[in-house]
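Student: Have a look at this one before I ask anything.
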Amino acid sequence: MLFNKMKKNPVVLLITLILNMFFLVSCSTDEGNTNSNIYLEIPDASFEAILIELGIDSDGEINKQMLKADANTIGELDLATLAHGAISDMSGIEGFVSLKKLSAYQHNIEQIDLSFNVLLDSVYLAGNYISSIDVSNNINLELLDLSANNLVSVEGVTNLKKLKTLNLSFNYLEEISINNPLLKILHISHNDLTSINITDAINLKNLLLTTNKLQNLDVSANLNLETLLVSDNQLESINLTENSSLTHLYITSNLLTNLDVSSNINLVDLKVDRNPNLSCIKINSGHNIPMVSLAAYQELNASCN
């Protein structure tokens, strides 16, 4: 009887239809909100397959999603395997909010957002295709390996006051400034560096800058420097008088016209060949350097003219 009345009254029928549509849309929206609160989107099948293999994605299905609850307690994530194909898209990593160590090397990753992973202390992303990255929020990082990528910029390194090891070798960086006081190991070989500032890296011990385009290098503030590998650059001179802790110096294939290592009495390994304009290397009188690589026209002498 009521239904018949509704059919006869078009106003009532219209209102009923509108209410039903509102109810359906509301339910759909609520379901969407519920899904976004419960699930992480994992669009990359290889990424999700590895998460399933590791027992992290608990539903065990490649369905482009996983429970947030499965991700938010994980402290270490090793994605090194290529058994399921290379990862291209790291979307979903933002849900791993407890992550302290991330390893995802030799994949096809072009970009990655780690801004939500604020507890990270170790990141290994070598061998990918990342051209730029921002680590401003990752203030707990102690180790960052971005070697063998396509990097032209790294943002936020100045925020990493706990950083001890930084590897940026085999990239396309042209200039960089490092002001991390706890940093001990810095590797930036095989880049396009024309400028580097390491004045504030006062605890630096190991510096690798091989194969760049450096014409100048100031290490006067790096009093704890032990290893300096700066072969294959364009250096014409370098001041090492403040680096008394230096034990290994590789400075071959440069444009040096003079070199004074008389203050570096702890040197045990010196490679200085392939500097065509350098014939005399000044050493401290009586200093015997166990391992030396010289060209035929070069000599070690306590008094170089």
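The values are calculated or read from the model by the stated rules, or taken from the named source; none is laboratory data. Keep in mind it's a predicted model, so treat the numbers as computed, not measured. Neighbour counts are summed over all protein chains in view; Cβ atoms, including those assigned to glycine, are modelled from backbone coordinates with ideal geometry.
Student: Are any residues in the stretch 249-259 in contact with a strand residue (DSSP E or B) (Cβ under 9 Å, 6 or more places away or on another chain) and surrounded by fewer than 17 Cβ atoms within 10 Å (Cβ to Cβ), and if so, which ones?
Tutor: 258
Student: A follow-up question, please. Suppose the filter is more than 18 Å from the chain's Cα centre (by Cα) and either closer than 19 Å to residue 127 by Cα or of a type in the set (Asp, Glu) (or both); does residue 192 pass it?
Tutor: No, not satisfied.
Student: Among the numbered criteria (1) buried (at least 16 other Cβ atoms within 10 Å of the Cβ); (2) under 30 Å from residue 73 (Cβ atoms), which one does residue 118 miss?
Tutor: With respect to (1) buried (at least 16 other Cβ atoms within 10 Å of the Cβ); (2) under 30 Å from residue 73 (Cβ atoms), residue 118 is out only on (1).
Student: Within the stretch 194-210, how many residues are more than 17 Å from residue 160 (Cα to Cα) and assigned to a loop (DSSP other than H, G, I, E, B)?
Tutor: Residues meeting the conditions: 4.
Student: With 101, 68 as the choices, which residue is farther than 20 Å from residue 145 by Cα, touching a strand residue (DSSP E or B) at 6+ places or on another chain (Cβ under 9 Å) and either in contact (Cβ under 8 Å) with a residue 24 or more places away in the chain or of a type outside the set (A, V, I, L, M, F, W, C) (or both)?
Tutor: Within the list 101, 68, the selection yields 68.
Student: While we're looking at this one, here's another question. Does residue 170 fit the bill of being over 14 Å from the mean Cα position of the chain (by Cα) and of a type in the set (A, V, I, L, M, F, W, C)?
Tutor: no
Student: Quick one: residue 191 ticks every box in (1) closer than 21 Å to residue 137 by Cα; (2) free of Cβ contacts under 8 Å to residues at least 24 places away in the same chain; (3) assigned to a loop (DSSP other than H, G, I, E, B) except a single one, so which number is it?
Tutor: (1)
Student: Right, something else. Here's a check for you: in the stretch 250-290, which residue that is of a type in the set (Ser, Thr, Tyr), part of a loop (DSSP other than H, G, I, E, B) and modelled with pLDDT of 95 or more is farthest from the chain's Cα centre (by Cα)?
Tutor: For the stretch 250-290, the residue satisfying everything is 279.
Student: Could you check the stretch 65-82 and list, in sequence order, the residues that are assigned to a loop (DSSP other than H, G, I, E, B) and touching a helix residue (DSSP H, G or I) at 6+ places or on another chain (Cβ under 8 Å)?
Tutor: 72, 79, 81
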